[in-house]
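Below: one structure, written as structure tokens.
The values are calculated or read from the model by the stated rules, or taken from the named source; none is laboratory data. On a predicted model such as this, the values are computed, not experimentally measured, just so you know. Here Cβ is always computed from backbone atoms with ideal geometry, including for glycine, and neighbour counts include all displayed protein chains.
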Amino acid sequence: MIKNVPKEFEYQQYLREILIQSEPQIPLYIATEKDFEKSEGINYPYRSHFYAFGVLHESDCKLQIGIDTYHLKKKSLTMVGPGIVRNWLSNTWDMKNTTVFFKESFFKKPFHNNFLLDYKFFKVGANHVVQLTDDNYTTLNNLLGTLENFKADQGIARGILFSILEFINSIYLENLNKSPLSRSEEITRKFNDLLTRNYRTQKSVGFYADEMNLSAKHLSDVLKETVGKTVKQSIEALIVIESQSLLKQTAMDIKEIVYWLGFEDQSYFTKFFKKKTGLTPSDYRLTP
């Protein structure tokens with residue numbers, strides 16, 4: 001029986017530990033590199049329980065979300081919703097950026113409770129990074145400046161943040177319409193969604209190929225082209241990033257994590273994890 005279910009970085013905890021803020025009760029926070037450089041950042045895969053989007057003002061860093069790896073450049077817009085594990089593969093944490101963090105509870109009437117779920121860019125399997133045009137970059141920066149000016153008045157700030165989200169949504173949809181997904185990209189998105197929902201119980205290549213009515217070879221060839229990994233490598237990559245998050249963010253013991261991830265044999269999981277990371281689960285948990 002699992003005693004400690006996976007817990008996410010709560011908004012208040014993130015403000016205290018990462019942004020070193022003493023006012024965690026505020027449900028909206030606008031951060032810059034000056035906030036991030038106060039701490040050492042996060043050097044392991046982690047999930048959070050809040051919404052975040054940010055603009056990078058200089059190049060470059062690398063971000064892994066699920067099985068996708070993004071190379072962020074100047075004018076990159078990043079959007080991540082709650083519960084999604086991400087891993088900053090390269091980030092000095094002092095690169096110029098403007099990042100907005102907020103909780104769902106920030107929005108009150110007249111906004112309906114779950115309107116944030118309508119934004120595809122916050123969901124698992126989305127394209128979580130978009131490269132902004134010069135005009136969109138300028139407009140978004142102006143909107144963020146307005147939000148900064150009115151952040152103390154939550155009533156006004158809610159309306160401004162909603163407008164920003166609508167602007168981001170228009171950019172996201174415009175990018176989709178301008179460059180419709182190729183057949184390979186459609187397959188990859190579908191596989192990513194299927195994998196995220198089933199990786200704990202289904203780890204065989206055959207399951208995913210059968211569910212998508214494709215041969216295992218064809219599916220692997222497509223993924224190799226789009227994300228640089230075969231089906232087997234993609235399954236293993238997601239298991240590794242999820243297990244790293246559990247080891248660092250929860251008090252679950254190794255047996256509980258093994259059970260949570262759907263493994264029956266702890267020794268097998270330990271060998272698998274060490275092969276992929278160079279460390280045993282216990283050693284990885286103890287690394288700073």
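Look at the stretch 266-278: where a residue is assigned by TED's automatic domain parsing to the domain that holds Val240 and a partner is of a type in the set (Phe, Trp, Tyr) and part of a helix (DSSP H, G or I), sitting 6+ places away or on another chain with Cβ atoms under 8 Å, you get Phe273/Tyr284; Thr277/Tyr284. Which residues, counting only those in the stretch 42-88, are over 23 Å from Thr188 (Cβ atoms) and of a type in the set (Ser, Thr, Tyr)? Answer for the stretch 42-88, where residues must be over 23 Å from Thr188 (Cβ atoms) and of a type in the set (Ser, Thr, Tyr): Tyr44, Tyr46, Ser48, Tyr51, Ser59.
Taking the numbered list (1) surrounded by 19 or more Cβ atoms within 10 Å (Cβ to Cβ); (2) at pLDDT below 85; (3) of a type in the set (A, V, I, L, M) in turn, Ile2 passes all entries but (1).
Residues in the stretch 97-135 that are aliphatic (A, V, I, L, M), under 17 Å from the mean Cα position of the chain (by Cα) and not in a helix (DSSP H, G or I): Val100, Val124, Ala126, Val129, Val130. Just one residue in the set Leu247, Leu176, Leu195 is at pLDDT below 95, farther than 25 Å from Lys123 by Cβ and part of a helix (DSSP H, G or I); that residue is Leu247. Residue under question is Thr138, and the condition is that it be touching a Ser or Thr at 6+ places or on another chain (Cβ under 8 Å), hydroxyl-bearing (Ser, Thr, Tyr) and either in a helix (DSSP H, G or I) or not assigned by TED's automatic domain parsing to the domain that holds Met79 (or both); does it hold? In short, no. Gln202 - would you say it is surrounded by 15 or more Cβ atoms within 10 Å (Cβ to Cβ), part of a loop (DSSP other than H, G, I, E, B) and either out of contact with any strand residue (DSSP E or B) (no Cβ under 6 Å at 6 or more places or on another chain) or in contact (Cβ under 8 Å) with a residue 24 or more places away in the chain (or both)? When the stated conditions are applied, Gln202 passes them.
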